[in-house]
Amino acid sequence: MSYLPYALAVWIFAVGLYGVVRSRNLVHLVVCLSVAQSSTYVLLLSIGYVNRGTAPIFADVPKGTRAVDPVVQALTLTDVVVSVTVAALLLALAIQAQRHADTTDPDELSEMHG
Amino acid sequence: MSRGVRSGLFLVSAAGLTALLLWAVADLPDFGHYRGPYGKVLNSVAVGERHTTNVVAAVVFDYRGVDTMGEEFILFASVMGVALLLRNPHRERRQVPVRIQSDAVRLAGIGFAAGLLVLGLYVVAHGYLTPGGGFQGGVVLASAFVLVYLAGDYHAYRSMSPTPAIDVLGATGAGGYTVVGIVSLLLGSAFLHNFGPLGTTGKLASGGSIPFLNVASALEVSAAFVLLFSEFLDELVVRPKARSE
């Protein structure tokens, strides 16, 4: 009877975007992007939730026990690992920005040409 | 565009976007009243069809195996990108001081690292039976290496994770996943279609080709995380002079 988890996902996405727009530091920006991305985990997992459902792992519980959707869990699982490596790539770009432009403020970077 | 104008513009458009998103999710099924057919179907057939008790692992390495291969290559490409951006063969190494002087900390750290390594191997090996798998176990394995750096020092960490060897391990993981898919093709079924004996449900020898894909992804994920950590750690030992290159 509740839409709260979905609304939470929307909220996390919105605050993440707000952080990206207001960011004054590339490292901070990457963290905000990770926050925005984590809203997808909340959304996926809450869509797949089944009331009083257990984890879709039937090692200790008999087959046929009510369980949550394994597909969205699988998507979230790979998403988490990949998002960390993408964040690492972006942080490497931030290091390059510091090296070449001597700043990690996105506003100052946009004024540089070449 | 000034920051004030940009923020104003953002607040207006974000309010619109948030309203639209809230409107969209209001039509989703109530929380806890999942209506999608795939999850229910998989939960009822996967254990019988694949003899794996962890249905999430069966989805990752079998029913949606091609999707996972895509994810693996995103991971591979971004780690390659990090290496490309940060790796500099001409940089001069600076002597890194040994920070940890306490033998007790070293001993505890090495003990925890060994335990973490075993835990990582356990999580990988039982990935398709109990909660865990190549992705989760790979990260645990990589964190054992990080603990060596924390409790030991840079040189201890580097001698445990020589970059050429880690490069080869990561590539083996990514390539191995594809090779398993090609073997399916050679056997006359679809790419990444499960093959091999399914074994006994609940035993380590089960799941057909799922264990191979599981180990391949564990190799790739652990190598990727160790490599990322090495690349960022190497930034510490770059001489400030070399930075302007």
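Which count do you get for residues in segment B:109-130 that are over 21 Å from B:S217 (Cα atoms), crowded, with 19+ Cβ neighbours inside 10 Å and without any contact (Cβ under 8 Å) to a residue 40 or more places away in the chain? Step through it out loud before you land on a result.
Just the residues of segment B:109-130 that are over 21 Å from B:S217 (Cα atoms), to begin with: B:109-115.
Remaining after also requiring crowded, with 19+ Cβ neighbours inside 10 Å: B:109, B:113.
With without any contact (Cβ under 8 Å) to a residue 40 or more places away in the chain added as a condition, the list becomes B:113.
Final tally of qualifying residues: 1.
Quick check on segment B:2-23: of everything there that is among the β-branched types (V, I, T) and closer than 15 Å to A:V21 by Cα, which residue is modelled with the highest pLDDT? If we take residues in segment B:2-23 being among the β-branched types (V, I, T) and closer than 15 Å to A:V21 by Cα, then B:V12 is modelled with the highest pLDDT.
Of the residues B:A165, B:A174, which single one is at pLDDT below 95 and surrounded by fewer than 21 Cβ atoms within 10 Å (Cβ to Cβ)?
On the way: B:A174 fails: surrounded by fewer than 21 Cβ atoms within 10 Å (Cβ to Cβ).
Going through B:A165, B:A174 in turn, just one is at pLDDT below 95 and surrounded by fewer than 21 Cβ atoms within 10 Å (Cβ to Cβ): B:A165.
Regarding B:L185, is this residue at negative phi and without any contact (Cβ under 8 Å) to a residue 60 or more places away in the chain? Here the answer is yes, as B:L185 does meet what is asked.
Go through the residues of segment A:67-77 one by one and say whether even a single one is open to solvent by 50 Å² or more (accessible area, probe 1.4 Å) and over 21 Å from B:G207 (Cβ atoms). Talk me through it step by step, then tell me what you get.
To start, the set of residues in segment A:67-77 that are open to solvent by 50 Å² or more (accessible area, probe 1.4 Å) comprises A:73.
Still in the running and over 21 Å from B:G207 (Cβ atoms): none.
No, that holds for no residue.
Only one of the numbered conditions (1) over 18 Å from the mean Cα position of the chain (by Cα); (2) away from chain A (no Cβ under 14 Å) is not met by B:L129, and that is (2).
Suppose we keep only residues that are in contact with a His (Cβ under 8 Å, 6 or more places away or on another chain) and in a loop (DSSP other than H, G, I, E, B) within segment B:188-201. Which one would you say is nearest to B:Y63 (Cα to Cα)? Give the steps one after another, and end with the answer.
Start the filter on segment B:188-201 by keeping residues that are in contact with a His (Cβ under 8 Å, 6 or more places away or on another chain), which leaves B:198-201.
Next cut, in a loop (DSSP other than H, G, I, E, B) only: B:198, B:200-201.
Details: B:L198: 15, B:T200: 19, B:T201: 17 Å.
Per the criteria, the residue is B:L198.
Restricted to helices (runs of 4 or more DSSP H) entirely inside segment B:1-74, those with at least 2 residues that are surrounded by fewer than 17 Cβ atoms within 10 Å (Cβ to Cβ) and more than 7 Å from chain A (Cβ to nearest Cβ) are B:3-26, B:37-50. Of B:L236, B:L213, B:L219, all but one fail to be open to solvent by 70 Å² or more (accessible area, probe 1.4 Å) and in a helix (DSSP H, G or I); the exception is B:L236. Among the residues of segment A:1-37, the ones that are crowded, with 17+ Cβ neighbours inside 10 Å, polar (S, T, N, Q) and either within 7 Å of chain B (Cβ to nearest Cβ) or under 16 Å from the mean Cα position of the chain (by Cα) (or both) come to 1 in all.
Here is a list: A:Y49, A:Y41. Which entry is closer than 30 Å to B:Y38 by Cβ and within 11 Å of another protein chain (Cβ to nearest Cβ)?
Values: A:Y41 fails: within 11 Å of another protein chain (Cβ to nearest Cβ).
The conditions single out A:Y49.
Limited to segment A:74-106, what total is found for residues that are polar (S, T, N, Q) and either at the interface with chain B (Cβ under 7 Å from one of its Cβ atoms) or under 18 Å from A:L45 (Cβ atoms) (or both)?
Our first condition is that a residue be polar (S, T, N, Q); within segment A:74-106, this holds for A:76, A:78, A:83, A:85, A:96, A:98, A:103-104.
Add one more test, that the residue is either at the interface with chain B (Cβ under 7 Å from one of its Cβ atoms) or under 18 Å from A:L45 (Cβ atoms) (or both), and what stays is A:76, A:78, A:83, A:85, A:96.
Number satisfying all stated conditions: 5.
A:V61 meets the conditions (1) in a helix (DSSP H, G or I); (2) more than 9 Å from chain B (Cβ to nearest Cβ); (3) open to solvent by less than 50 Å² (accessible area, probe 1.4 Å) in every case but one. The failed one is (1).
The values are calculated or read from the model by the stated rules, or taken from the named source; none is laboratory data. All values derive from a computational prediction rather than experimental measurement. Heads up, the Cβs are rebuilt from the backbone with ideal geometry, glycines too, and the neighbour counts pull from every protein chain shown. Please note that ligands, DNA and RNA were not included when accessible areas were found on the heavy atoms of the full protein model with its side chains. Shrake-Rupley method; radii C 1.70, N 1.55, O 1.52, S 1.80 Å.
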